[in-house]
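Asks: Questions regarding the structure given below will be posed in turn.
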Amino acid sequence: MTPIEQAESISSKLKLNRVSLKNFLTTQGILIVFIICLAGFSMFSDRFLSEENIMTVIRQASMIGIIAIGVTVVIIGGNLDLSVGSMLSFATVLVVDLHDKIGPTNAIIVMFAMTLLIGAINGLLIGYMKLNSLIVTLAMLSAIQGITLIYTGGQNVDIANQDATWFAVFGRGFVGGIAVPILMFAVLALCVHFVMRYTSYGRRIFAIGGNPTAAVYSGIRKSRCVFTTYMISAFSVGCAALVLGSRVMGSQNNVGQGYELLVLAGIILGGTSLMGGAGSVWKTVIGVLILGFIQNGLLLLGYPYYTQWLVTWVIIIVAVWLDLANQRKRLFTSHS
Amino acid sequence: MFSKIALSVGIASVMAFNVAAAETVRIGITQNNVGVDSYQTTYEKAFIEAANADENVEVVVLDAGGDVARQIGQMQDLIQQRVDAIIIWPTNGQAVIPAVRQAKSAGIPVIVTNSKIADAGMDFIAAFSGPDNIRQGAYSAEMMCDALDNKGQIVQIAGQPGYTTAIERAKGFEDRLAEACPEVKILETQPGDWNREKAQRTMENFLTKYDHIDGVYAGDDNMGVGALNAAKAANRDGIIFIGATNFAVGYEAMERGEYYGSVYQSPVDDARAALQTALDVLAGKDVPKLNYFDTPKITRDTLSQFDKPVF
């Protein structure tokens, strides 16, 4: 090998390294942001990376995370679900209120039935009747909040004997030293991740989100696919309601208010495209955790909680911008 | 001929009005947002019951649904209907002032209930009737001093930022605490938005952040019980919990001995006080501008003197 050849080979190796590093930076940018956040907060608070705190944050994030997994599927399919916050209020009120009236098992069954019914209505209107998902779920957001208020007449609902019910396991229980909400979050994430990644059903969702026309021409039943995504999202809300109801052992009418935005924030932060056809459950999990750690970190540093919103959304905008820049291969666009 | 008829109709209506005035008074009420929480729902029920119990009172009950524009419209409707007095639970203490002024210039006395209107509007109202949130905060501070023997470190979970009730309670609590037991320090204050789950989350973070917490003051019992849930889950014993607006869940926690005290504020008393203030104004009594109904301290020891709240 001549010196020139040697030099060329070294330089091409270096170039390769540089490319793969750049590639890593741009594709896994969100993971890097996550690590920077963790490192930054841990410098200022010695509590931040304690096992206790990490477990607290993940447990708190798991409710938003559980819902975000379901909504991620809807978004990959090219639609939106803004009704999850109201649905969460309704489902939590229902399961808590019925707990003392018909027993925990029946309450859970009724709650899931009603939640899935709402999911089915969303799915029918959006999947089969082809209505715009933003409008339908926004309407559902108000309608379900109204139903919740009518159902309770404005009263809070509570579980009378908190210490005696096995219902406590969902929000307060531990299995093998790990909090049950975290386990539910992890199991749901793994299952949905597997389905989306390795089954033909998952591929079909990506197809209808990415290119609906092509998907339909290739024989995918789009209506049915969209319908099922709303059932998954409704099911995830039901799971979150179990955790929330059991954790608080009571519910207000508007307990889920604003969750739709937190869920969306986590998903967007993770890098799932709102245009559909791209994204992953794994990224959503990271996004939701970042959100949780930022909020917790700012609180540990003693900032009032509204700064969380400011910081969170600044990070989201930056994340979306980096994502877009990566697609365009440059940081700024110019009209040429 | 025509003028004669007009005159007689006029006389008849004046006579009718006089008779009506002697027997019944019509009072219109426009509420903030009934159905959104237990307190307001119970308030409305109690108000209608109190009015029905008095056969000389006829009420027009309206609800603004939390919407300022709708409330202003309702004020104008009530003015059009020529009710004898208007009770308003302001959706927004600033925005309703023009409508209140309109009522005053139409000769209809306005009674503000539960939440105050801004100072600029005080000249246009006949009276305010409601709880004294600053005093409630002070009461909670006094209970905290007693419970901690004047020494310790506490955290505060306040109501929704921007709400008058939240601001006044926090102020009353902080001022009185500094005065009554300066050895009790507030480590940190964070809002819990009147939301039990939010308060629970906030408390979990406090428990991670501070190894030693002697007491928690929450802006209402709903949040206080959320904080209690968090402490129980983390096995942190010996923390004193004090709230305000005693809720049924707070009452029960006091029965179990897990919750130290609260301030007893009954929506039934609130509603009755509003109606009574309106009647006093109409009867021409000398009514003070600010009428606070009694909201006593309630602790584990005095629990038996109070009925369990219905909300």
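Asks: Only residues in region B:34-49 that are more than 9 Å from chain A (Cβ to nearest Cβ) and at pLDDT 85 or above count as the first member; pair them with residues that are surrounded by fewer than 20 Cβ atoms within 10 Å (Cβ to Cβ) and outside any loop (DSSP other than H, G, I, E, B), Cβ under 6 angstrom, at least 6 apart or cross-chain, and list the lot.
Replies: B:A46/B:V268
Asks: Residues in region B:138-151: is at least one of a type in the set (S, T, Y) and free of Cβ contacts under 8 Å to residues at least 60 places away in the same chain?
Replies: Taking every residue of region B:138-151 in turn, none turns out to be of a type in the set (S, T, Y) and free of Cβ contacts under 8 Å to residues at least 60 places away in the same chain.
Asks: Taking helices (runs of 4 or more DSSP H) that fall entirely within region A:175-286, which contain at least 2 residues that are among the β-branched types (V, I, T) and without any contact (Cβ under 8 Å) to a residue 12 or more places away in the chain?
Replies: Working: elements: A:180-198, A:200-210, A:212-217, A:222-248, A:259-270.
In region A:175-286, the matching helices (runs of 4 or more DSSP H) lie at A:180-198, A:212-217.
Asks: Just give me the residues in region A:50-70 being among the hydrophobic types (A, V, I, L, M, F, W, C) and either touching a Gly at 6+ places or on another chain (Cβ under 9 Å) or at the interface with chain B (Cβ under 10 Å from one of its Cβ atoms) (or both), in sequence order. Let's see the steps before the verdict.
Replies: Looking only at region A:50-70, we keep the residues that are among the hydrophobic types (A, V, I, L, M, F, W, C), and these are A:54-55, A:57-58, A:61, A:63-64, A:66-69.
If the condition is that a residue be among the hydrophobic types (A, V, I, L, M, F, W, C) and either touching a Gly at 6+ places or on another chain (Cβ under 9 Å) or at the interface with chain B (Cβ under 10 Å from one of its Cβ atoms) (or both), then A:I54, A:M55, A:V57, A:I58, A:A61, A:M63, A:I64, A:I67, A:A68 are the ones that fit.
Asks: Determine which member of the set A:A164, A:A160, A:A120 is in contact (Cβ under 8 Å) with a residue 24 or more places away in the chain, within 14 Å of chain B (Cβ to nearest Cβ) and either exposed (fewer than 15 other Cβ atoms within 10 Å of the Cβ) or within 22 Å of the chain's Cα centre (by Cα) (or both).
Replies: Numbers: A:A164 fails: in contact (Cβ under 8 Å) with a residue 24 or more places away in the chain; A:A120 fails: within 14 Å of chain B (Cβ to nearest Cβ).
Within the list A:A164, A:A160, A:A120, the selection yields A:A160.
Asks: Quick check on this structure: which one of A:G202, A:G176, A:G238, A:G209 is on the phi < 0 side of the Ramachandran plot, of a type in the set (G, A, S), more than 13 Å from chain B (Cβ to nearest Cβ) and surrounded by fewer than 21 Cβ atoms within 10 Å (Cβ to Cβ)? Please lay out each step first, then the result.
Replies: Details: A:G176 fails: on the phi < 0 side of the Ramachandran plot; A:G238 fails: surrounded by fewer than 21 Cβ atoms within 10 Å (Cβ to Cβ); A:G209 fails: surrounded by fewer than 21 Cβ atoms within 10 Å (Cβ to Cβ).
A:G202 is the lone residue from the list that is on the phi < 0 side of the Ramachandran plot, of a type in the set (G, A, S), more than 13 Å from chain B (Cβ to nearest Cβ) and surrounded by fewer than 21 Cβ atoms within 10 Å (Cβ to Cβ).
Asks: Tell me which of these B:T202 doesn't satisfy, since it passes every other one: (1) under 28 Å from B:N92 (Cα atoms); (2) polar (S, T, N, Q); (3) not in a helix (DSSP H, G or I).
Replies: (3)
Asks: State the number of residues belonging to region B:197-237 that are within 11 Å of chain A (Cβ to nearest Cβ), among the β-branched types (V, I, T) and buried (at least 24 other Cβ atoms within 10 Å of the Cβ).
Replies: Number satisfying all stated conditions: 2.
Asks: Now a separate question. Considering only region B:9-25, I want to know if a residue exists there that is modelled with pLDDT under 95, more than 14 Å from chain A (Cβ to nearest Cβ), in contact with a helix residue (DSSP H, G or I) (Cβ under 8 Å, 6 or more places away or on another chain) and surrounded by 12 or more Cβ atoms within 10 Å (Cβ to Cβ). Step through it out loud before you land on a result.
Replies: To start, the set of residues in region B:9-25 that are modelled with pLDDT under 95 comprises B:9-25.
Retained after the next criterion (residues that are more than 14 Å from chain A (Cβ to nearest Cβ)): B:9-25.
Filter once more, so that each one left must be in contact with a helix residue (DSSP H, G or I) (Cβ under 8 Å, 6 or more places away or on another chain): B:25.
Retained after the next criterion (residues that are surrounded by 12 or more Cβ atoms within 10 Å (Cβ to Cβ)): B:25.
The answer is yes; a qualifying residue exists.
Asks: What are the pairs, 6+ residues apart or on separate chains, where a residue within region B:206-221 that is among the polar types (S, T, N, Q) has its Cβ under 8 Å from a residue that is not in a helix (DSSP H, G or I)?
Replies: Pairs that qualify, where the first residue is among the polar types (S, T, N, Q) and the partner is not in a helix (DSSP H, G or I), are B:T208/A:R47; B:T208/A:S50.
The values are calculated or read from the model by the stated rules, or taken from the named source; none is laboratory data. The model shown is predicted, which means the values in this text are computed figures rather than measured ones. Backbone-built Cβ (ideal geometry, glycine too); neighbour counts: all protein chains shown.
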